[in-house]
Amino acid sequence: MKPLLANKFTEFLERFDNFKDTEFRSVEVNSATSMQVTFAAQDRARAFDWITITLELNGVSDAKLLDHNRLSLVDISDGISLIANENSIGFAIGEYKNLSSITNATCYIVGNDLKYREGQF
């Protein structure tokens, strides 16, 4: 896993077109404070080839997760949001501008550390 710093969120999201209309593959709880979400997305840096992206949030303080059998029903037409403030990092399905608003998302995770991994489609 590679760390994803807050100052790189915009660049990362643009690379994958904010994950709009991607395939939501999985949500995994590694421990009470570590969770992963996995998507299949088109990578602009690889001539729009499809790859798998796994985001791992550690130091999780709040989350709203979905059952695996409901992932294919999630509307990801608005993409995802990655938001940071001084102490926390938030991930959410949909377009959100601040951490306090992501609690309205279908699925969200708030932690203090974000990493990612690229994989085969």
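None of the figures in this text is laboratory data; all of them are computed from the coordinates on show. Keep in mind it's a predicted model, so treat the numbers as computed, not measured. Using ideal geometry, Cβ is built from the backbone for each residue, glycine included, and neighbour counts are taken over all protein chains shown.
The table below gives the values:
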quantity	calculated
Candidates L73, L57, L65, filtered to the one that is farther than 16 Å from R15 by Cβ, exposed (fewer than 13 other Cβ atoms within 10 Å of the Cβ) and not basic (K, R)	L73
Filter result for A40 (surrounded by fewer than 17 Cβ atoms within 10 Å (Cβ to Cβ), within 23 Å of G119 (Cα to Cα), in contact with a helix residue (DSSP H, G or I) (Cβ under 9 Å, 6 or more places away or on another chain) and not acidic (D, E))	no
Count of the stretch 70-100 residues which are in a loop (DSSP other than H, G, I, E, B) and either in contact (Cβ under 8 Å) with a residue 12 or more places away in the chain or in contact with a Gly (Cβ under 9 Å, 6 or more places away or on another chain) (or both)	15
Sole exception among (1) under 23 Å from S72 (Cα atoms); (2) more than 13 Å from the chain's Cα centre (by Cα) for E28, by number	(2)
Test for I109: is it in a loop (DSSP other than H, G, I, E, B), surrounded by 18 or more Cβ atoms within 10 Å (Cβ to Cβ) and β-branched (V, I, T)	no
Number of positions in the stretch 5-28 that are assigned to a helix (DSSP H, G or I) and of a type in the set (A, V, I, L, M)	2
